[in-house]
Structure formats: structure tokens, C-alpha cells
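Before any comments, here is the structure.
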Amino acid sequence: MKRIPSKNNKRSLFLFLPAAMLLMASINTLGADLTKRRDDWSSLKTGKDIYFASCVACHGTRGQGADPTMLGFDPSPPDFTDCKFTSREMSNDWVGIATGGGPMKGFSAMMPAFGKALSRDQIEKVVAFIKDFCPEKKWPPGEFNLPKALNTGKAFPEDEAAWSVSGGLENPVSVKGKFVIAKRIAARHQIEAVIPLEVHRIEHDAADLYTDRRWEISSGDIAAAWKSVLWFSRSAGNIVSVTCDVFFPTGNRENGIASEIFIVEPAVAIGQIIPRLGFIQLQGGAELSTDTATKSHVVFWRGAFGRTFRKGGFGRAFSPMVEVLGEKEVSGNTSVNWSVVPEFQIALSKRQHIRLGAGLAIPVNELDMRPLNIMAYLVWDWYDGGFTEGWK
Ligand code: HEC
């Protein structure tokens, strides 16, 4: 059919406005209609065709998100051309959102469910297509963001806040706490600040008459750290980073939890994805003392092996794992201290941006010197939403 060219621009705007309003109205009810659409879209084969049929109205022709004033609803769709956002998410999480809709992961219901309108294969193709809106290949993909182990450092750079505690089953009781805040810098780097605290029970005989018992909080050595991803390979499923932590002698000296000297801790961290949501993480490094008369250098190696389970394929992630830890003082003829740590990580929020990890560090040798340690952390990926967002 031949189109009739419009002579009057104002008039075409006039026609355009009601059309746009109609579009908005139809978008608002799109979620409900999607169930009936399967036949319309079943012939679409490429990610691009599927995108332009089913996602473009809200996500825009270039993936930047349609103009919010045109859409007329909150929240606006995200900008898929922003690599910082698009690279960090796991494809599986996005397949889940596109299948079950925004609320499946604690997002808005304005992001509809396509599970009945598109096949699993089509959804995977369209997710791969939207991932490519990020044109830069230097960003490590979210698949490498493996579950956080209690001790073994991760290779993936993060935007997160983490609180961790560990307490020995010893007498008198002492609980070590640590607050860590990490921020990603560009595609491959991360800076981090660590603030340690210790709460312990003081028990000593004051004169012969009574025993003085009280709780005391003291601060440990504050640390700053840098991490850089050296290399990653999607096909081989591995990622390698180098890290360097510097501990400053800021801690409370009287209680003996501070080192009183600078410690520099270089390390290498490796993440390896194995099939069926399995993973291996390895970390090796050294705590280099700036005064070996006070404190010897220590070398350490750590490994975490585990697997993630997801309810229904997309649900809350649960990752049981076991860590093997070894460390040795370089000077003197001290033996290697070995521990094993059975532990798990579980996503607490629906969006999975708040997760809990807990485990028990079991020493394997030198048992009289090294008590059992209960360890736990709470981690919040603050880039993915506020602490109270994404729970329902
Ligand atoms: C009716 C409008 C609409 C359509 C159609 C739509 N989306 Fe969305 N989408 C949204 C909105 C709005 C958000 C933001 C939700 C939020 O932030 O709570 C969103 C967010 C997303 C997210 C990001 C979630 C995150 O991690 O932040 C993905 C992935 C996504 N959509 C994929 C798709 C795919 C794939 C299609 C087509 C098959 C599609 N969307 C079609 C409105 C839509």
C-alpha cells in the first residue's frame, strides 16, 4: 500500500499523540496478553528479531531504554548499553527475569513475564542479544561472580559491603568482626577498605578478692586493598586476578590484636567455572611483614570447591562449599597450619543482592593451639539496589 505523505507536520503530531497514548495503554496491559501471543512469536529465530518484536517498545531500539516520558510509567527500563550494568548480571538471572517477569527477582511488574509467549531457547537468544548492547569486551561477565567463600578471596571485582564475624569456641570468648566496603573501578579493577573490630571478654583477678569480668571492644588494623583482573576466558570459564592488601598499624595495641607494623599482602586469585553450576576458587599469597623481628612473613594458600543450586532453575541460590586452608610462617621450623571449612552461601533477598554465608573452620593439626571457629558474613551488592529493596 502506498503511504500518503503528510503535508502538515502539526497535524501528524496531532495524530501521533493519541497513537502514542494507545501504545502506552497497550504496553500497560501487555503482561496480561503475553500468554496468548506464543503463536505470533514462535516463528522468530534470531535474538534480534525476538527483541524487536517483544522488548523494543520498552527497552528502545538501541537498548538504551525507551524515553520514560513516552512510556509514562515508573521505573524506567535500564540502559543496556551501559557495560557496567549489563556485564555484571548473570545471563541465567536475566533469562529468569524475562521468563517470570520483574517480580520474580524483586523488580517492577512493569517488566512482563514472557515464559508463556516465548520458548526457553528464544529467551536465551534474546538475552544474548541484549548482552551485546554492551560493545566493550573487556568487562568480565557476571558468570564469573562466583559465590563468596568465608576465607578464599574472589577474583571478580565487586561493588559490595560485607560484614563478617568469627568467634572461637574458646575461653574467654572473643568475637572478631570486620566491615569491608569494595568499589569497582572501570572494567577490571576494585578498591577496598577493611575496618576490623574485636569484642572480647576480659577476665582477670583484680587483687585476690574478686575477678574482674567485662566485655571490651577494640579496633584492629585498618587495611586498604587493590584488585585487578589480569585475564578471563569465557570459553575456558576462568578468571585470574592479582590483589594487594596493605594493613596499617592503627589497631589497639594493648589488647594484642594489632600487629604494630605495616603488613603488605600480595595474592593471586583464580575462579574456575565447572559444569552444572560448580566452581573452584583458589587464592595464594603472602603476608609480608615490614619487621620480621616482630612478626614473621607468612605464606598462605586457600581453595573453595562447591556448587550452586537454584530452586526451579531461577530461584534463590544456595551454594554449599568446602574450603581447604593452609598457612605457614616462613621463618623458624613451624609446621603448616591446615583447616577445612564446610560452609554455605544463601541469597536472602529475592533480588539475591543480599546474601548470607556461614561455616565452621575446623583445624586439622596443632589442635591444642587452634580452636574451632564459627564464621559468618552478610554481603550486600549495593549496586543492585538498596538494602530494603528487592525483598518481595
Ligand atoms: C512493558 C515494558 C517492557 C517490555 C515489553 C520489556 N521490558 Fe524488560 N524491563 C522493563 C522495565 C520497566 C524494567 C525495569 C524494572 C525495574 O527496575 O524494576 C525492565 C528490566 C529488564 C531487565 C533488567 C533487570 C535488572 O537486572 O535490572 C531485563 C534483563 C529485561 N528487562 C529484559 C527484557 C526482555 C528480554 C524483554 C523482551 C523479551 C523485555 N525486557 C521486555 C519493561 C519492559
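Of note:
- Pairwise Lys count, segment 142-384 - Cα closer than 20 Å, eight or more residues apart or different chains: 13
- Under 5 Å from the amide H of residue 230 lie the amide H atoms of 240, 241, 242, each residue being 5 or more positions distant or on a separate chain, with H modelled from the backbone and absent for Pro and chain starts.
- Within the assembled protein chains, the solvent-accessible surface assigned to residue 61 is about 90 Å², based on a 1.4 Å probe.
- Mean Kyte hydropathy of 0.0 or more with a Cα span along the axis of at least 24 Å, helices from DSSP in the chain: 9-28
- Surrounding net charge for residue 351, when Lys and Arg each add one and Asp and Glu each subtract one, Cβ distance under 12 Å: 0
- Kirkwood hydrodynamic radius over Cα pairs of segment 260-299, then Stokes diffusion coefficient at 20 °C and 1.002 mPa s, in µm²/s: 177 µm²/s
- Rough spin-label spacing in nm, given labels placed 7 Å along Cα→Cβ, for residue 186 and residue 202: 4.9 nm
- Dividing the summed -39500 (n - 2.57) terms of all DSSP H runs of n ≥ 4 by the residue count of the chain sets its mean residue ellipticity at 222 nm at -4500 deg cm²/dmol.
- Pair-distance distribution P(r) for segment 324-371, from all Cα-Cα distances in 10 Å bins starting at 0: 23, 34, 21, 16, 5, 0 percent.
- Probe 1.4 Å, protein heavy atoms only - accessible area per residue of segment 142-384 in square angstrom: 49 Å²
- Pairwise inverse Cα distances across segment 118-171, averaged and inverted, put the Kirkwood hydrodynamic radius at 15.1 Å.
- Taking label points 7 Å from Cα along the Cα-to-Cβ direction, residue 132 and residue 338 give a separation of 5.0 nm.
- For residue 124, the solvent-accessible surface computed with a 1.4 Å probe is close to 80 Å², ligands and nucleic acids excluded.
- Accessible-area order (highest first, 1.4 angstrom probe) of the listed residues 364, 298: 364, 298
- Solvent accessible area, Å² - residue 173, 1.4 Å probe, full protein context: 60 Å²
- Judged by a Cβ-Cβ distance under 4.7 Å, the unpaired cysteines of the chain are 55, 58, 244.
- List 80, 129, ordered by accessible area with a 1.4 Å probe, largest first: 129, 80
- Eligible lysines near residue 48 by straight Cα distance, threshold 20 Å, same-chain separation 8 or greater: 116, 125, 131, 137
- For the chain, the Cβ-based charge dipole about the Cα centre amounts to some 2860 debye (Lys, Arg positive; Asp, Glu negative; other atoms uncharged).
- Here the Kirkwood formula, the inverse mean of 1/r across different C-alpha pairs, assigns segment 48-169 a hydrodynamic radius of 16.1 Å.
- Per residue, the convex hull around the alpha carbon atoms of segment 144-243 comes to 103 Å³.
- Dividing the alpha-carbon radius of gyration of segment 218-272 by the rule-of-thumb value 2.2 N^0.38 Å gives 1.57.
- The listed residues 152, 81 rank as 81, 152 when sorted by accessible area, largest first, using a 1.4 Å probe.
- 9 Å beta-carbon shell around residue 277, net charge (K/R +1, D/E -1): +3
- For the options 154, 45, 227, a Gaussian network treatment of the chain with springs between C-alpha atoms closer than 10 Å singles out 45 as fluctuating the most.
- The apolar share of the surface of the chain, taken as the fraction of accessible area on carbon and sulfur atoms (1.4 Å probe, ligands and nucleic acids excluded), comes to 62 percent.
- Rule-of-thumb Rg ratio for the chain [Cα; 2.2 N^0.38 Å; N residues]: 1.25
The values are calculated or read from the model by the stated rules, or taken from the named source; none is laboratory data. Keep in mind the model is a prediction, meaning the values are calculated, not measured. Quick reminder, even Gly has a Cβ in these numbers, built from the backbone with ideal geometry, and neighbours come from all protein chains shown. Accessible surface areas use protein heavy atoms only, side chains included; no ligands, DNA or RNA. Shrake-Rupley method; radii C 1.70, N 1.55, O 1.52, S 1.80 Å.
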